[in-house]
1. Sort A:58-65, A:213-220 for me by packing, meaning the mean count of neighbouring Cβ atoms within 10 Å per residue, highest on top.
2. What FRET efficiency, computed as 1/(1 + (r/R0)^6) with R0 = 41 Å and r the Cβ-Cβ distance, is obtained for A:Glu256 and A:His33, rounded to the nearest 0.05?
3. Enumerate the calculated ³J(HN,Hα) couplings along the stretch A:346-357 in order (Karplus 6.51 cos²θ - 1.76 cosθ + 1.60, θ = phi - 60°), each rounded to whole Hz, writing x wherever the residue is Gly or Pro.
4. Which ³J(HN,Hα) values in Hz, rounded to whole numbers, follow from the phi angles of the stretch A:62-71 under the Karplus curve 6.51 cos²θ - 1.76 cosθ + 1.60, where θ = phi - 60° and Gly and Pro get x?
5. Quick one: if you stick a label point 7 Å off each Cα along the C-beta vector at A:Met490 and A:Gln375, how many nm between them?
6. Work through the residues other than A:Leu235 whose Cβ is under 10 Å from its Cβ and net out their charges, Lys, Arg +1 and Asp, Glu -1.
7. Rounded, prolate or oblate: which fits the stretch A:245-315, taking a ≥ b ≥ c as square roots of the Cα gyration tensor eigenvalues, rounded meaning a/c under 1.5, else prolate when a/b beats b/c?
8. Please list, in order along the stretch A:275-285, the HN-Hα scalar couplings obtained from phi with the Karplus expression 6.51 cos²θ - 1.76 cosθ + 1.60 (θ = phi - 60°), rounded to whole Hz, x for Gly and Pro.
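Please treat every number below as a calculation from the coordinates, not as lab data. For clarity, every value in this text was computed on a predicted model and none was experimentally measured. Using ideal geometry, Cβ is built from the backbone for each residue, glycine included, and neighbour counts are taken over all protein chains shown.
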Amino acid sequence: MASNPLIEIRNFRLEKIEKLRALGINPFPSKSHRTHYAQPIKDDFDNLIEQPAVVAGRLVSWRKQGGLSFGTIQDQTGRIQLFVQKKSLEATNPEKSCVGYPDLSLMDVGDLVEAEGAIFRTQRGEISIRVERLRILSKSMRPLPDQWFGLKDREQILRKRYLDIILNKESQDRYEKITLMVAAIRKFLNERGFLEFNTPVIQPQYGGGTAKPFKTHVNDLGCDMYLAISHELYLKRLITAGYDKVYTIGRYFRNEGIDKSHHPEFSMVETMTAYENYEYNMELVESMFRHVAKTVFGRTVFKVGEHEVDFEPKWKRAFMADLVQEQTGMDFRNISDVEEANSKLKELGVHEVAPSVGEAMVLAFEEKVEPTLIQPTLVYGHPVEISPLAKPMESDPRFVERFEIFIAGMECGDNWSEQNDPKHLLDTWRKNYKPEEKESGDFHALDFDFIEALEYGMPPTTGIGPGLERMAMIFTEQENIDDVIFFPMMRPSVSKLNADLYGIEKGATSFGEELVVTFDELASLSESGGLAPETATVTLQPHLHIWDLSAKEGSWKVSGHVVVEGFFMNGTLRIAGYTQVYDKKPDTASANKSFIEQAIQQLEPVMKKTFPNARIKLEEPTGGCV
RNA sequence: GCCUCCAUAGCUCAAUCGGUAGAGCAGUUGACUCUUAAUCAAUUGGUUGUAGGUUCGAGUCCUACUGGGGGUACCA
């Protein structure tokens, strides 16, 4: 067992925990008596010199040299050095739960500790605590990754972000800034008279955008629901209710591709403002970005990829058709025929075929214009075909009152004057609805409950929805969305080591689907071709439980199942249904033997016959007394 | 979904043409009263992601799988 260095270290530390307990010291007390944080002590050293202080945090380094030791504590604000002298450190004392000099070996780098003493500066100039009492706040059992080289393994950084934060100040600062960014947005909107509401994340009918949803089930209501792909239909109900300025900072779930700028679960600040149109939002969103840049990050120029983006100057506002004309020389406003529009697209080297002139223009825009929009730009006047929820422009109803924000070629928010004519929405939906597209998420059923709300009358309204992750990427100058999401989505996995340590049956495997069938079901399913192995080797792992039923029934029950690997790439097949009753307690070996005789030897011929090409491998049984 | 690269000790990395798996940090033991990547001495630690294959011999070559990265597609 202890052949592994991590397990060895962990065992040493578990022993230290017991030694602390033996000394009468609780290795996991409930609170500390912190009076000062690290960085403020350094910032205000002149006024604090020789003042008493209690600091608390993680011990991140420990340099012992005989009668004098130096440690470093890291708290949320920064680091401060501990100066620990043998002669002035209070002896181990259970009453004060402090650890004395001879017992310092019970402390390890990684432990959470508390140090009490005077603030001073060492001969070498380091602001420190001259420690008089040292307490353990939480004993750490696992070694931290290398202090100097940090955590480089990308997978570990993403799976164990907390380690990245402990070791990497830049990461810590980044996530702190992101929460401050959200706070600044709240303050900005609140000061402008907006009210924040919670809107449902689990929705009976997804709407407000086109995206594949995540489906879930509500047991008590006995029906399927969806995770929100958008919150806007609920914000509009709030507008209908009579609140004129509302917003939500919501979670959005879209069951689509994951890449450097897309994550299935993301955030938006979505607003709705009544009695205004999209021009109001141009000002709102521009001011919001500038406000966040200045108040949280203290500057307006940011590096995005190889570009520098400046939020200070007034943002460029441009009509989409004009931009397309500028870049391509083609004015789609003068084209009325779809075929002509598509042939123009081909000239541009776009081989996708658009179903309408408007959509052709958007393709040309995405292909030729989007990458050129580096400085913050508001592009307005989308074709009506792609904007069913927006209001057409009075001057030219082929286009709608809608704008998108582009920063460094990246789309950072969508905004429009909301279509509040329910009959218009209904007609648009009827015209476009294809029931067969519903399941794929390409198109979806209308939220009729929302239509009804609109029939009571919703004032003219406009909303914005900038994505918070995209915003965070720009402001923290990150190129990967995983570096602004603290817990990015990953396939679940259990390391072999943890599987051993925690007694998990199978390590290093991912959790997937589990199918449970009986021995008879397997035989019939296999023969009918309903089940077939996907790999050349099929592993049979018998698993037994021995149940003590003596209290009730005066007997022992052995139940077993076989975990079969090889049938599903991403899951396990479990064959259950074996039960045997004994009068007295059976020993594990004989129970296993009986199980194998009765079950496996029944199973093996069936599998060999049905799957002649598969290699059947039988593993040692596991399990035991419950 | 497709293409491609990566996986060696707890962490960071070596290992020549296919030929005995090594180092630093961390850990353990000891020395040391101004260190700060402390230093010095000794020492523990490995089924090279998993399962197969080729070979006298595989960390290295081949196949499949798992996990991750990058690209691309779909997608606000």
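1. Numbers: A:58-65: 15.2, A:213-220: 12.0.
Packing order, densest peptide first, comes out as A:58-65, A:213-220.
2. On the way: r = 50 Å, r/R0 = 1.22.
Efficiency, from the Cβ-Cβ distance: 0.25.
3. 4, 4, 7, x, 9, 9, 5, 9, 8, x, 8, 4
4. So the Karplus estimates, Gly and Pro as x, are 7, 10, 9, 9, x, x, 9, 10, 10, x Hz.
5. 4.2
6. Details: positive: A:Lys236, A:Arg237; negative: A:Glu232, A:Glu270, A:Glu418.
My count for the surroundings of A:Leu235 gives -1.
7. Values: a/c = 2.07, a/b = 1.04, b/c = 1.98.
Cα axes put the stretch A:245-315 in the oblate bin.
8. 6, 9, 10, 4, 5, 4, 6, 4, 5, 4, 6
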